[in-house]
Ligand SMILES: NC(=O)c1ccc[n+]([C@@H]2O[C@H](COP(=O)([O-])OP(=O)(O)OC[C@H]3O[C@@H](n4cnc5c(N)ncnc54)[C@H](OP(=O)(O)O)[C@@H]3O)[C@@H](O)[C@H]2O)c1
């Protein structure tokens, strides 16, 4: 995947429309990061597809209520129950409380773990002290995946249909030399301010580490019950780079897909595609190779390390028994 190839796809490959016969009737869906950008548009599309319940998982109730109002204003007469649930992915406590609430749902058909941050400087989570992009893009996403699996599995068993866990990844997972793999502990190195490095690499590494974790997770999950997959939306003109410089923001404006197109790619992975995508990565609505590193012998060893280190870290923050 060259940069020229990326630019070509940005300019000339447009996401397919969602087939008009796809419906989410009777289905409950959770979308994180649903108050803006890709998540907001994916939520809107779920309402258009007549989902029974769409849960907007957001860290601010005012932003969540504004998103709900916006979604319903573009779907007048909709019978979908749009709910706003609080979730702050900078806090393990908040993720745990959200997971607890979700575990009580009578059913959950799709979870789209889409919330993410692009940090241009070192900041830490106020409660865990962990660097914010490592916390949000990887650790909290990993924890929420694990917490939602039981209800996704149960729904699959009750309905006889596989449910979905789709994670918004990024092509930039291929754009990092991933220096941290040389450290004795990868996550500790990522959480060391001295090694923060440049912001583009930091974002790319957090996306890579999470993609590797999800690949291992998928290998441990029965894809006949829960389809676990990853989606690359490409560059999308959202507020992701809101704290960045004019150059990166101009790139988004000029080359980025629209949030509606980004949302459509997320819906394609989470709703349209099924069993055949378990453990796989989609780009431009097609199953695509992950980075060469991920598929290499070295990558496989790193996959086990990232799994063990992630579970080890989560165990320090999660009460006994909640991860089993
Ligand atoms: N845009 C791109 O070019 C691009 C490319 C590849 C992948 N992605 C990925 O796509 C996903 C969606 O991003 P986007 O482009 O749609 O940008 P966005 O509009 O900034 O959306 C990010 C969402 O994540 C939420 N979020 C951030 N930190 C959170 C936290 N601590 N707790 C709960 N929610 C939090 C944001 O909520 P707030 O509004 O409260 O901050 C927002 O709703 C991200 O995972 C991103 O990495 C984007």
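The values are calculated or read from the model by the stated rules, or taken from the named source; none is laboratory data. None of the values given here were measured: they were computed from a predicted structure. Backbone-built Cβ (ideal geometry, glycine too); neighbour counts: all protein chains shown.
Scanning the range 1-17 for residues that are assigned to a loop (DSSP other than H, G, I, E, B) and in contact (Cβ under 8 Å) with a residue 12 or more places away in the chain yields 1, 13, 14, 15, 16, 17.
One residue stands out among those in the range 182-197 that are more than 20 Å from residue 141 (Cα to Cα) and touching a helix residue (DSSP H, G or I) at 6+ places or on another chain (Cβ under 7 Å): the one that is farthest from the ligand (Cβ to nearest atom), which is 183.
Give the residue that is farthest from residue 106 (Cα to Cα), with candidates limited to residues of the range 21-51 that are assigned to a loop (DSSP other than H, G, I, E, B) and touching a strand residue (DSSP E or B) at 6+ places or on another chain (Cβ under 6 Å). Break it down into steps so the answer makes sense when it comes.
Narrowing the range 21-51 to residues assigned to a loop (DSSP other than H, G, I, E, B): 21-27, 33-36, 49-51.
Checking the rest, the ones that are also touching a strand residue (DSSP E or B) at 6+ places or on another chain (Cβ under 6 Å) come to 34-35, 51.
Details: 34: 21, 35: 24, 51: 15 Å.
So the residue we want is 35.
Out of 146, 105, one residue alone is away from the ligand (no atom under 16 Å from the Cβ), under 14 Å from the mean Cα position of the chain (by Cα) and in contact (Cβ under 8 Å) with a residue 60 or more places away in the chain. It is 146. Residues in the range 76-97 that are more than 23 Å from the chain's Cα centre (by Cα) and either within 16 Å of the ligand (Cβ to nearest atom) or on the phi > 0 side of the Ramachandran plot (or both): 77 alone. Identify, by number, the condition in (1) within 13 Å of the ligand (Cβ to nearest atom); (2) closer than 19 Å to residue 220 by Cβ; (3) surrounded by fewer than 19 Cβ atoms within 10 Å (Cβ to Cβ) that residue 141 doesn't meet. That leaves (3) as the condition not met. If you go through the range 101-135 and keep only what is touching a helix residue (DSSP H, G or I) at 6+ places or on another chain (Cβ under 8 Å) and in a helix (DSSP H, G or I), you end up with 102, 103, 133, 134. Would you check if there is a residue in the range 231-242 being modelled with pLDDT of 95 or more, at positive phi and in contact with a strand residue (DSSP E or B) (Cβ under 8 Å, 6 or more places away or on another chain)? Scanning the range 231-242, I find at least one residue that is modelled with pLDDT of 95 or more, at positive phi and in contact with a strand residue (DSSP E or B) (Cβ under 8 Å, 6 or more places away or on another chain), so the answer is yes.
Among what's in the range 244-255 and is surrounded by 15 or more Cβ atoms within 10 Å (Cβ to Cβ) and under 17 Å from residue 199 (Cβ atoms), pick the residue that is nearest to the ligand (Cβ to nearest atom). Before the answer, list the steps.
Looking only at the range 244-255, we keep the residues that are surrounded by 15 or more Cβ atoms within 10 Å (Cβ to Cβ), and these are 244, 248-249, 251-252, 255.
Cutting the leftovers down to under 17 Å from residue 199 (Cβ atoms) gives us 244, 248-249, 251-252.
Numbers: 244: 11, 248: 10, 249: 11, 251: 9, 252: 6 Å.
Restricting to residues being surrounded by 15 or more Cβ atoms within 10 Å (Cβ to Cβ) and under 17 Å from residue 199 (Cβ atoms), the top hit is 252.
Of the residues in the range 173-181, at least one is within 16 Å of the ligand (Cβ to nearest atom) and touching a strand residue (DSSP E or B) at 6+ places or on another chain (Cβ under 9 Å). The residue that is nearest to residue 173 (Cα to Cα), among those in the range 211-240 that are near the ligand (Cβ under 9 Å from one of its atoms) and surrounded by 20 or more Cβ atoms within 10 Å (Cβ to Cβ), is 232. Counting residues in the range 198-207 that are under 17 Å from residue 313 (Cα atoms) and within 16 Å of the ligand (Cβ to nearest atom) gives one or more. Scanning the range 152-170 for residues that are buried (at least 22 other Cβ atoms within 10 Å of the Cβ) and touching a helix residue (DSSP H, G or I) at 6+ places or on another chain (Cβ under 8 Å) yields a total of 8.
Name the helices (runs of 4 or more DSSP H) wholly within the range 195-303 that hold at least 2 residues that are under 17 Å from the mean Cα position of the chain (by Cα)?
199-220, 259-267
Is it true that residue 187 is in a helix (DSSP H, G or I), within 17 Å of residue 212 (Cα to Cα) and touching a residue at least 60 places away in the same chain (Cβ under 8 Å)? When the stated conditions are applied, residue 187 passes them.
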